[in-house]
Amino acid sequence: MELFLGLITGFAFGFLLQKSQVLRFEKQVGFMLLKDMTIIKFMASAVLVGMVGIYACHSAGWIALSLKATHLGAIILGGLIFGIGWAMAGYCPGTSVGALAEGRLHALWAIVGMLLGAAVYAEVYPSLKSTVLSWGNFGKITLPGVLGVSPWPIIAVFIVAGIAFLRWTEKKGP
Amino acid sequence: MMKLLKAPTWNPYVAGALVGVLAVLSVLVTTLTIDKPKYLGASTTFVRGAGLLEQVVVPERVAQNEYFQSKKVKVDWQMLFVFGIFAGALVSARLGGTVKRETVPPIWKERFGDNQALRAVGAFIGGAILMFGARLAGGCPSGHGLSGNMQLSVSSLLALVFFMVGAIVTARILYGKGGK
């Protein structure tokens, strides 16, 4: 059951990634060069809709959150390293497999590289754990938790700011 | 309906909003059926994939590796999710008639020429670097960018900012201003 659910959820996700073109090298690098906002339109829509749904279900007590710890050092350093590789590969982990499926054969090399990167990380993990991963660990925190407020005003701010930003990018061009 | 499925592209706002709905449904359905909330994510699968491959050659090394053991090297929900992305993109591209064989993408070609081996090396090194970074940051644009941000997680809001800063600066250096 678990595996079946994974497969159909992935199928729907892959279908939507392909239809919206966000898994293209041109769209990903196009965003990095600030010339094509397709991936931002896609991500912002997903996050804003998801935010409302997740917090509605969470407030109703139907679901639990699953947060990743905020290790400041690791997030900043790892985030920047990710960005460097993302610009070179032109794909992120999720989009690489979809890009391969639509015939972008060079995505295969990115996937092979990702497997190597994961293996290397596993090798050096013990030394990272005692250094970078221990710098500035604030644990599993959320924005409403840190600010000590209900999530809803924060969600409202994100929605208003998100829509304003998207309208601005639409006016500006691509 | 068939006409919609056969459309070559969908509006990114619509497709994105549907991903938002999909993400919430996934958490709800997995909570109800398998009692584990499954948020969308992809990069841990590459850890498990690397572990499964390494196991064929050096099983004891994987068994003794702290990181592999913490992530559990097995075929799980997320690995099937990643296989599903391949299948879904394949069906979508076939229906829409947008399958295109490509070995060197245009922006890359403009800067580095159409040498396939050079592009392969770039993609490979980029892939290795980005996955190392994703594991250090604890996720990728799916796990942090989508799922984490939906939960208003501080780690994910920060991670997405630094993903973008790293990518924008590197892309500018690598590809210049991108021609046209």
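Residue B:135 falls short on exactly one of the conditions (1) over 14 Å from the mean Cα position of the chain (by Cα); (2) among the charged types (D, E, K, R); (3) under 22 Å from residue A:114 (Cα atoms), and that condition is (1).
Note on region A:128-154: residues that are of a type outside the set (Ser, Thr, Tyr), closer than 29 Å to residue A:73 by Cβ and open to solvent by less than 90 Å² (accessible area, probe 1.4 Å) total 15. Look at residue B:168 and say whether it is out of contact with any Cys (no Cβ under 6 Å at 6 or more places or on another chain) and surrounded by 19 or more Cβ atoms within 10 Å (Cβ to Cβ). So residue B:168 fails the test. Does residue A:90 satisfy being open to solvent by 20 Å² or more (accessible area, probe 1.4 Å) and on the phi > 0 side of the Ramachandran plot? Answer is no for this residue. Screening region A:27-46 for residues that are without any contact (Cβ under 8 Å) to a residue 60 or more places away in the chain and open to solvent by 20 Å² or more (accessible area, probe 1.4 Å) and picking the one that is nearest to residue B:104 (Cα to Cα) gives A:27.
Taking the numbered list (1) in a helix (DSSP H, G or I); (2) at the interface with chain B (Cβ under 7 Å from one of its Cβ atoms); (3) of a type in the set (A, V, I, L, M) in turn, residue A:39 passes all entries but (2). Annotation note: of A:54, A:63, A:75, the sole residue that is over 30 Å from residue B:174 (Cβ atoms), open to solvent by less than 10 Å² (accessible area, probe 1.4 Å) and modelled with pLDDT of 95 or more is A:54. There is no residue in region A:3-15 that is at pLDDT 95 or above, among the β-branched types (Val, Ile, Thr) and within 13 Å of the chain's Cα centre (by Cα). Each residue in region A:76-103 was checked for being under 13 Å from the mean Cα position of the chain (by Cα) and facing another protein chain (nearest Cβ under 7 Å), and 7 of them qualify.
Within region B:126-147, one or more residues are open to solvent by 30 Å² or more (accessible area, probe 1.4 Å) and not in a loop (DSSP other than H, G, I, E, B).
The values are calculated or read from the model by the stated rules, or taken from the named source; none is laboratory data. It should be emphasised that the depicted structure is a prediction, and the values quoted were computed from it without experimental measurement. Methodologically, a virtual Cβ is constructed for each residue, glycine included, from the backbone with ideal geometry; neighbour enumeration extends over all protein chains shown. Ligands, DNA and RNA are excluded from the accessible area calculation, which covers all protein heavy atoms including side chains. Shrake-Rupley method; radii C 1.70, N 1.55, O 1.52, S 1.80 Å.
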